[in-house]
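Take a look at the structure set out below.
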Amino acid sequence: MREPENLHEVERLDVDCLGFVFYDRSPRYVSERMEYIEAIGRCKKNKAGVFVNETLHTMLHISELFQLNFLQLHGNETPEVCFKIREMGYFVIKAFSVSTAADFLLTNRYCNCCDYFLFDTQYAGYGGSGKRFNWSLLDAYHDETPFLLSGGLRPDCVDDIKKLEHPQFAGIDLNSGFELFPAMKDVSRLKQFIRKVRQD
């Protein structure tokens, strides 16, 4: 999210958390413009800041400035950095790229310093590929840290999401599959999708 009006339209939906990208190579990059600071600061929902190999000092500065609750880390951040962020009172989401079952072994070092993992499709760069990985690979994940699913989630994924029964499956990360263009969400599509996913 980024644009103030769109941000507050999405905030009124049945969502748990809104995400903001603080990686300057992303087309969704949120700069320190006053209109963004004020709009994000007014949000009452949980707010996650997305970072890639950023310094701890900068992450903490941005988190305070934008009043974030969660820090979502997509780079090569160490368990020590994750632990320090949690010590400062923030929730930590660590992202992992998945293409084979062996990729879940990388989570072992992070189990005691992260609140959630985020599993996304393996991609050459940083950011999403817009494609899904093979969700049957999740059978190889046996750690206790709850995880979020990302990568290629679109309106036609409802049935597949509702079939997932992994005990640590905690939620989904919706992004490009629900955009009109980068950082501008299609509120109508999101509303319909969320309603279907939350139906029993």
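The values are calculated or read from the model by the stated rules, or taken from the named source; none is laboratory data. The structure displayed is predicted, hence computed values, not measured ones. Quick reminder, even Gly has a Cβ in these numbers, built from the backbone with ideal geometry, and neighbours come from all protein chains shown.
Details
- Selection status of F169, closer than 29 Å to V30 by Cα, surrounded by 16 or more Cβ atoms within 10 Å (Cβ to Cβ), touching a strand residue (DSSP E or B) at 6+ places or on another chain (Cβ under 9 Å) and of a type in the set (F, W, Y): yes
- S26 being among the polar types (S, T, N, Q) and part of a loop (DSSP other than H, G, I, E, B): yes
- All positions within region 164-200 that are assigned to a helix (DSSP H, G or I), modelled with pLDDT of 95 or more and of a type in the set (D, E, K, R): R189, K191, R195, K196
- Those residues of region 141-159 which are closer than 18 Å to G177 by Cβ and more than 19 Å from the chain's Cα centre (by Cα), in sequence order: D156, D159
- Residue within region 86-95 that is touching a residue at least 12 places away in the same chain (Cβ under 8 Å), hydroxyl-bearing (S, T, Y) and more than 27 Å from E5 (Cβ to Cβ) present: yes
- Residues that are more than 23 Å from V92 (Cα to Cα) and touching a strand residue (DSSP E or B) at 6+ places or on another chain (Cβ under 9 Å), drawn from region 1-25: E3, N6, E9
- Leading residue by the ranking (surrounded by the most Cβ atoms within 10 Å (Cβ to Cβ)) among those in region 39-53 that are part of a loop (DSSP other than H, G, I, E, B) and not aliphatic (A, V, I, L, M): C43
- Among the candidates F83, F51, F117, residue that is in contact with a Lys or Arg (Cβ under 8 Å, 6 or more places away or on another chain) and aromatic (F, W, Y): F117
- Criterion (surrounded by 14 or more Cβ atoms within 10 Å (Cβ to Cβ) and either modelled with pLDDT of 95 or more or not β-branched (V, I, T) (or both)) met by exactly one of H57, H74: H74
- The number of residues in region 61-78 that are in contact (Cβ under 8 Å) with a residue 24 or more places away in the chain and touching a strand residue (DSSP E or B) at 6+ places or on another chain (Cβ under 9 Å) comes to 11.
- Filtering region 58-82 to residues that are part of a helix (DSSP H, G or I) and small (G, A, S) leaves only S63.
- Selection from region 158-191 of residues that are in contact (Cβ under 8 Å) with a residue 24 or more places away in the chain and more than 24 Å from K47 (Cβ to Cβ): V158, D160, K162, L164, H166
- Scanning region 180-200 for residues being within 24 Å of Y29 (Cα to Cα) and surrounded by 18 or more Cβ atoms within 10 Å (Cβ to Cβ) gives a total of 3.
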